[in-house]
Amino acid sequence: MSFLALFAAVLLLGVADSMINSYIVLFGADEVGLTPLQIGVWSSVFAVAGMAVSWWLGRRFDHRPARVYAITVILIGAAGYVLLPRVSSFPVLLVMAATVLGAMGAAFPQLFALARAVLGEGAAGQRSAPLLRTAWSLAWAGGPLLGALMLSWGGYRALMWTAAAVFLASALIVLTVPPPGPVTVTGASPGGTPVLVTAAVTLFFTAMFAGSLALPLFVTRALDQGPASVGVLFSVCAAVEVVATLGLTAIPERFSQRLLILGGFGAFTCYFAVTVVSTGMPMLIAGQVLRGVGIAVVGAAGIRYFQDLLAPATGRATTLFSNATAAGLLVSGVLAGVTVEQFGYRTTLLLCGVTAALGGVLFALGSGGTHRFRRTAAHSGRPPDARGPSRTARVLLRGPRPAGNGSRDERKSVQ
C-alpha cells in the first residue's frame, strides 16, 4: 500500500507538472510578452530556488525523515500557480519563481527519497526509483494533452487552476504514506560521487531543458505547426518513457548500469540530430521516441546509480541528482535564450546535441574511474571511498554525513 500511495502521488505531481511546463514557455511569450532571454532568466531563477530548497530539505530529510517536507512544497507551489495567471509583470514573475514556484522543485526528490526510506534498502527500495519514474513518465504521456484541453477551453487560467487542484490531490495522497522510520546512527559513511559523473548529469539536463525551451518555438515558429502539436510531441515522448522505464525494471541486476546510462546519452544525442533536420511532424515524432528513451534511462537509472553510490544517505543522494538536474536548468535558461536570439532555433537544438554528447563522454570517463576504484576498494577490504563525498558533492549538498548501518549491500559496487 505504501508504494501504491507513492506511485499515485508521483503520478499526480507529474500530471500537474506536465500540464504547466508543456506550455509555460508559450505563456511567457504569448500571454506576458517575454522575450526568449527573459524566459531564459525566468527559468534560471526557478532552478536556483529549486536547488536551494532541495539542498536544505535533503539535509533535513537525512537527519529526520518525514512526509511534511514534500507536502509543504507541493502546497506552496499549488498556491503559486493559482496566482500566476493574474501576473503580467516580469519582476513579479521573477519573485514568484524565486519563492513559491521554485519551492516546487524540491517535491520530486523528496518523494523519491521518501520512497527509499519507507520501502527500505532491499530489492523493493532499489526498484522504487525506476518504478516511480514510470509514474512520472506516464503522467507526462497524458498531462500535456489534458493541458491542451484546458488551454483550449478556458485559457491559461483554466490550465493553471486545474494543475493547482491536481497538485493539491498529490499532497493529500502523501498524507496516506506511513511515516518513515527513525535514523539509525553508526559510524559508517556513504560513498562519494565523482566530479565527472555529476558534471555529466548536469550537461545532460542542460541539453534537455535548453531543448525544451527551443523546441516549442521551433515547432510553432519555424515549422508553422499549431500550439497543440507541442503537446502531442511531449505526450509521445512521455509514452515512450513509460515503456522504456518499465523495461528497466526487467533488466537483470548484473547488467552494467554504466553501459545502460551511456546508451541513454547516445539516444538523447541522436534525438537532437533528427530534430534539427525535421521538416514536419513525422520526423519530429521519430525524434521524440529517441528523446523518451534517453530521458527514461538517464532519469530512472541515474537516480538509482546515485542512491547506490551514496547509500545509505538517501536524502543526500537524491538531492545531489536533483541538484545536478537543477544546475542544468540554471545554465540552460539564459544560455538557450541568448542562443535562440542570436543564432535561431535549429542552431540552438544542434548545440544541445553537442552538449548531450559531451555529457556522455564525461560520464564514460567518470563512471569508469568510479567502477575501478570501488572494485579495488572491495578487494582491499575497506568501504568504497571511505573518505566520504567528493568536493563537488559537498558543495551541492552542504550537509553532515548521515548515518547508516554500513552493511555490505549498501557498499556494493554500481556497475
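A few comments on the model shown:
- Applying the set (1) more than 17 Å from Phe27 (Cβ to Cβ); (2) in a helix (DSSP H, G or I) to Ala66 leaves exactly one unmet item: (2).
- Which numbered condition Ala250 misses (of (1) under 28 Å from Asp30 (Cα atoms); (2) among the aliphatic types (A, V, I, L, M); (3) surrounded by fewer than 24 Cβ atoms within 10 Å (Cβ to Cβ)): (1)
- Contacts under 7 angstrom Cβ, first residue in region 351-365 being at negative phi, partner of a type in the set (Ser, Thr, Tyr), 6 or more apart: Leu351/Thr339; Gly353/Thr269; Thr355/Thr206; Ala356/Thr269; Ala357/Thr269; Gly360/Thr269
- One residue from Gly187, Gly142, Gly181 being surrounded by fewer than 20 Cβ atoms within 10 Å (Cβ to Cβ) and either at pLDDT 80 or above or of a type in the set (Val, Ile, Thr) (or both): Gly142
- Taking region 303-355 as the range and being within 20 Å of Arg221 (Cα to Cα) and not hydrophobic (A, V, I, L, M, F, W, C) as the test, the residues that pass are Gly333, Gly337, Thr339, Glu341, Gln342, Gly344, Tyr345, Arg346, Thr347, Thr348.
- Which numbered condition Pro91 misses (of (1) closer than 30 Å to Gln307 by Cα; (2) in a helix (DSSP H, G or I); (3) of a type outside the set (S, T, N, Q); (4) at pLDDT 85 or above): (1)
- Qualifying residue in region 334-345 (condition: within 24 Å of Val240 (Cα to Cα) and assigned to a helix (DSSP H, G or I)): no
- Residue under evaluation Phe167, criteria (1) at pLDDT below 95; (2) more than 21 Å from Leu320 (Cα to Cα), criterion not met: (1)
- Where helices (runs of 4 or more DSSP H) fall wholly inside region 228-327, the ranges with 3 or more residues that are over 29 Å from Gly40 (Cβ atoms) are 257-276, 302-309.
- Subset of region 94-117 that is of a type in the set (Val, Ile, Thr) and not in a helix (DSSP H, G or I) - its residue that is surrounded by the most Cβ atoms within 10 Å (Cβ to Cβ): Val100
- Unique residue being farther than 16 Å from Phe108 by Cβ, in contact (Cβ under 8 Å) with a residue 24 or more places away in the chain and under 16 Å from the mean Cα position of the chain (by Cα) when the list is Ser2, Ser18, Ser22: Ser22
The values are calculated or read from the model by the stated rules, or taken from the named source; none is laboratory data. Note that the coordinates shown come from a computational prediction; the quantities given were computed from them, not determined experimentally. Because the Cβ atoms are built from the backbone with ideal geometry, glycine has one as well, and the counts that use them run over all protein chains shown.
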